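Reviewing the structure listed below.
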Amino acid sequence: MSESPEEVRDHIKLYWKIGIALLVLTVVTVAVSYIEFAVPMAILVALIIAGTKGSLVASYFMHLIGERKSIYWALLLTVFFFLVLIIIPILGHTDTYGVHKTMPNANAPAAEAHD
């Protein structure tokens, strides 16, 4: 582990660049929060920004960028199953969009039928 001073400086420069990119993405996150989006679009934008920040942290600060390709298959499977877990509840509600329903134990009055 005897790296030359030039290699250490290159690593420090890279970490600074990644840190600045994470700071910029955090500012973008705050700026986007003030934009009015529909809920699905807001979720998509938030996941894209968070995924980008997470991949930067995992790749460089956790040193996964230099790992073997097998780690990427494990990460790909993780992303796949995460998406499945996100999509399953959404599919369960697709047939009830626009229908006002009262939760069974809610203390709210029942919805009146509109003509």
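What's the center-to-center distance, using Cα atoms, between the range 1-47 and the range 62-90 in Å?
Cα centres, the range 1-47 to the range 62-90: 20 Å.
Set Lys and Arg Cβ to +1 and Asp and Glu Cβ to -1, take the dipole of the range 1-63 about its Cα centre, and tell me which of ILE35, LEU56, LEU25 lies farthest positive.
After comparing all options, I get ILE35.
Place a +1 charge on the Cβ of each Lys and Arg in the range 1-63 and a -1 charge on the Cβ of each Asp and Glu, then give the dipole magnitude about the Cα centre in debye, rounded to the nearest 20.
Once rounded to the nearest 20, the dipole reads 140 debye.
Determine ³J(HN,Hα), in whole Hz, for all residues of the range 3-20 in sequence, where each value follows from phi through the Karplus function 6.51 cos²θ - 1.76 cosθ + 1.60 and θ = phi - 60°; x replaces Gly and Pro.
Once rounded to whole Hz, the list reads 8, 6, x, 5, 5, 5, 4, 5, 5, 5, 4, 5, 5, 5, 4, 5, x, 5.
Please work out how much length the chain gains when fully extended from LEU64 to TYR15, using 0.36 nm per residue of separation minus the C-alpha to C-alpha distance, in nm with one decimal.
16.2 nm
Since every read-out is calculated from the coordinates, none of them should be taken as a lab result. In this text the structure is predicted, and so the values were computed from the model without any measurement. When we count neighbours, we look across all protein chains shown, and the Cβ atoms used for this are built from the backbone with ideal geometry, even at glycine.
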